[in-house]
Amino acid sequence: MDDVGKRAFEAARAMVGVRFRPQGSDPHTGLDCVGLVWAAYLAAGRRLVRPRGYPLRGWSHAQVEAGLAAAGFVPVGAAARDGDVALIALDAGQFHLGLLGADRMVHAHAGLRRVVETPIDDGLREVVRWRLPA
(Lines give C-alpha, C1' and ligand atoms only; values in the text may rest on other atoms or scores of the structure.)
Protein backbone atom coordinates (compact mmCIF):
# COMPACT_ATOMS: atom_id res chain seq x y z
CA MET A 1 0.00 0.00 0.00
CA ASP A 2 1.31 3.45 -0.93
CA ASP A 3 1.65 5.54 2.22
CA VAL A 4 2.05 8.91 0.48
CA GLY A 5 -0.53 10.43 2.83
CA LYS A 6 1.43 9.38 5.90
CA ARG A 7 4.65 10.74 4.37
CA ALA A 8 2.88 14.01 3.48
CA PHE A 9 1.56 14.40 7.02
CA GLU A 10 5.02 13.84 8.48
CA ALA A 11 6.48 16.32 5.96
CA ALA A 12 3.86 18.88 7.04
CA ARG A 13 4.79 18.31 10.69
CA ALA A 14 8.40 19.08 9.77
CA MET A 15 7.17 22.44 8.40
CA VAL A 16 5.64 23.56 11.73
CA GLY A 17 7.05 27.01 12.46
CA VAL A 18 7.47 28.05 8.82
CA ARG A 19 6.19 31.59 8.35
CA PHE A 20 2.81 32.29 6.78
CA ARG A 21 2.88 34.00 3.39
CA PRO A 22 -0.18 34.50 1.15
CA GLN A 23 0.24 32.49 -2.07
CA GLY A 24 3.36 30.96 -0.47
CA SER A 25 4.33 27.55 -1.77
CA ASP A 26 7.96 27.20 -0.65
CA PRO A 27 8.83 26.34 2.97
CA HIS A 28 11.98 28.46 2.66
CA THR A 29 10.05 31.66 1.91
CA GLY A 30 6.65 30.98 3.51
CA LEU A 31 3.45 29.01 3.04
CA ASP A 32 -0.26 29.54 3.04
CA CYS A 33 -2.71 26.68 3.63
CA VAL A 34 -2.76 25.62 -0.03
CA GLY A 35 1.01 25.90 -0.32
CA LEU A 36 1.48 23.77 2.81
CA VAL A 37 -0.59 20.90 1.42
CA TRP A 38 1.14 21.01 -1.95
CA ALA A 39 4.64 21.36 -0.40
CA ALA A 40 3.98 18.43 1.96
CA TYR A 41 2.91 16.17 -0.88
CA LEU A 42 5.90 17.28 -2.95
CA ALA A 43 8.18 16.37 -0.03
CA ALA A 44 6.41 13.00 0.06
CA GLY A 45 7.26 12.41 -3.60
CA ARG A 46 4.08 13.57 -5.35
CA ARG A 47 4.09 16.71 -7.51
CA LEU A 48 0.53 18.05 -7.75
CA VAL A 49 -1.09 20.64 -10.02
CA ARG A 50 -1.42 23.73 -7.79
CA PRO A 51 -4.16 26.31 -8.21
CA ARG A 52 -2.88 29.76 -9.14
CA GLY A 53 -4.24 33.20 -8.37
CA TYR A 54 -6.61 32.17 -5.62
CA PRO A 55 -7.63 34.92 -3.17
CA LEU A 56 -7.64 34.68 0.62
CA ARG A 57 -11.39 35.19 0.43
CA GLY A 58 -13.96 35.04 -2.30
CA TRP A 59 -13.54 31.70 -4.04
CA SER A 60 -16.68 29.60 -4.04
CA HIS A 61 -16.83 26.17 -2.48
CA ALA A 62 -17.03 24.73 -6.00
CA GLN A 63 -13.80 26.52 -7.04
CA VAL A 64 -11.92 25.17 -4.03
CA GLU A 65 -13.21 21.65 -4.68
CA ALA A 66 -12.25 21.96 -8.35
CA GLY A 67 -8.69 22.87 -7.32
CA LEU A 68 -8.48 19.81 -5.09
CA ALA A 69 -9.92 17.57 -7.81
CA ALA A 70 -7.52 18.97 -10.45
CA ALA A 71 -4.64 17.93 -8.18
CA GLY A 72 -6.03 14.39 -7.98
CA PHE A 73 -7.73 14.50 -4.57
CA VAL A 74 -11.14 12.86 -4.14
CA PRO A 75 -13.65 13.40 -1.32
CA VAL A 76 -13.85 10.47 1.05
CA GLY A 77 -16.27 9.41 3.71
CA ALA A 78 -14.23 6.39 4.72
CA ALA A 79 -12.16 5.97 7.83
CA ALA A 80 -9.64 8.76 8.33
CA ARG A 81 -6.05 8.32 7.18
CA ASP A 82 -2.94 10.36 7.85
CA GLY A 83 -2.51 12.92 5.11
CA ASP A 84 -6.20 13.46 4.40
CA VAL A 85 -6.87 17.08 3.53
CA ALA A 86 -9.51 18.91 5.53
CA LEU A 87 -11.59 21.42 3.60
CA ILE A 88 -12.92 23.83 6.20
CA ALA A 89 -15.52 26.52 5.48
CA LEU A 90 -14.89 29.64 7.56
CA ASP A 91 -16.94 32.82 7.93
CA ALA A 92 -16.97 35.53 5.26
CA GLY A 93 -16.65 33.11 2.33
CA GLN A 94 -13.21 31.91 3.28
CA PHE A 95 -12.01 28.32 3.00
CA HIS A 96 -9.06 26.72 4.73
CA LEU A 97 -7.07 23.54 4.13
CA GLY A 98 -5.10 21.45 6.59
CA LEU A 99 -3.40 18.06 6.66
CA LEU A 100 -4.93 15.63 9.12
CA GLY A 101 -3.36 12.94 11.23
CA ALA A 102 -5.09 10.60 13.68
CA ASP A 103 -5.75 13.33 16.23
CA ARG A 104 -3.79 16.35 14.95
CA MET A 105 -4.02 18.86 12.11
CA VAL A 106 -1.16 20.79 10.55
CA HIS A 107 -2.14 24.03 8.84
CA ALA A 108 -0.82 27.45 7.90
CA HIS A 109 -2.49 29.84 10.37
CA ALA A 110 -2.84 33.36 8.96
CA GLY A 111 -3.56 34.89 12.38
CA LEU A 112 -0.53 33.30 14.05
CA ARG A 113 1.56 33.97 10.92
CA ARG A 114 3.08 30.48 10.84
CA VAL A 115 2.43 26.78 10.24
CA VAL A 116 1.06 25.15 13.39
CA GLU A 117 0.01 21.72 14.65
CA THR A 118 -3.19 21.60 16.65
CA PRO A 119 -5.44 18.93 18.18
CA ILE A 120 -8.46 17.88 16.13
CA ASP A 121 -11.64 18.94 17.86
CA ASP A 122 -15.08 17.39 17.35
CA GLY A 123 -15.95 19.89 14.60
CA LEU A 124 -12.96 18.81 12.53
CA ARG A 125 -13.86 15.14 12.89
CA GLU A 126 -16.96 15.85 10.78
CA VAL A 127 -15.22 17.93 8.09
CA VAL A 128 -15.13 16.71 4.48
CA ARG A 129 -11.84 14.95 3.91
CA TRP A 130 -10.08 14.77 0.58
CA ARG A 131 -7.59 12.02 -0.19
CA LEU A 132 -5.01 11.43 -2.87
CA PRO A 133 -5.64 7.89 -4.16
CA ALA A 134 -2.68 5.51 -4.16
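Points worth noting:
- The single condition among (1) exposed (fewer than 12 other Cβ atoms within 10 Å of the Cβ); (2) assigned to a helix (DSSP H, G or I); (3) not hydroxyl-bearing (S, T, Y) that V49 does not satisfy is (2).
- When H96 is tested against the conditions (1) surrounded by fewer than 21 Cβ atoms within 10 Å (Cβ to Cβ); (2) within 20 Å of V16 (Cα to Cα); (3) out of contact with any Cys (no Cβ under 8 Å at 6 or more places or on another chain); (4) in contact (Cβ under 8 Å) with a residue 40 or more places away in the chain, the lone failure is (3).
- Of all residues making up the stretch 27-39, the number that are touching a helix residue (DSSP H, G or I) at 6+ places or on another chain (Cβ under 7 Å) and surrounded by fewer than 24 Cβ atoms within 10 Å (Cβ to Cβ): 1
- Residue check for G72: surrounded by fewer than 16 Cβ atoms within 10 Å (Cβ to Cβ), under 25 Å from P133 (Cβ atoms) and in contact (Cβ under 8 Å) with a residue 40 or more places away in the chain: yes
- Among residues of the stretch 106-123, those that are under 24 Å from A62 (Cβ atoms), surrounded by fewer than 16 Cβ atoms within 10 Å (Cβ to Cβ) and of a type in the set (A, V, I, L, M, F, W, C), counted: 1
- Test: residue in the stretch 117-128 that is under 22 Å from A14 (Cα atoms) and touching a Leu at 6+ places or on another chain (Cβ under 6 Å): no
- Tallying residues that are assigned to a helix (DSSP H, G or I) and either in contact with a His (Cβ under 9 Å, 6 or more places away or on another chain) or of a type in the set (F, W, Y) (or both) within the stretch 18-36 yields 2.
- Any chance D91 is under 24 Å from E117 (Cβ atoms), surrounded by 11 or more Cβ atoms within 10 Å (Cβ to Cβ) and among the charged types (D, E, K, R): no
- Qualifying residue in the stretch 6-13 (condition: at pLDDT below 90, of a type outside the set (G, A, S) and surrounded by 13 or more Cβ atoms within 10 Å (Cβ to Cβ)): no
The values are calculated or read from the model by the stated rules, or taken from the named source; none is laboratory data. On a predicted model such as this, the values are computed, not experimentally measured, just so you know. Here the Cβ is made from the backbone with ideal geometry for all residues, glycine too, and neighbour counts use every protein chain on show.
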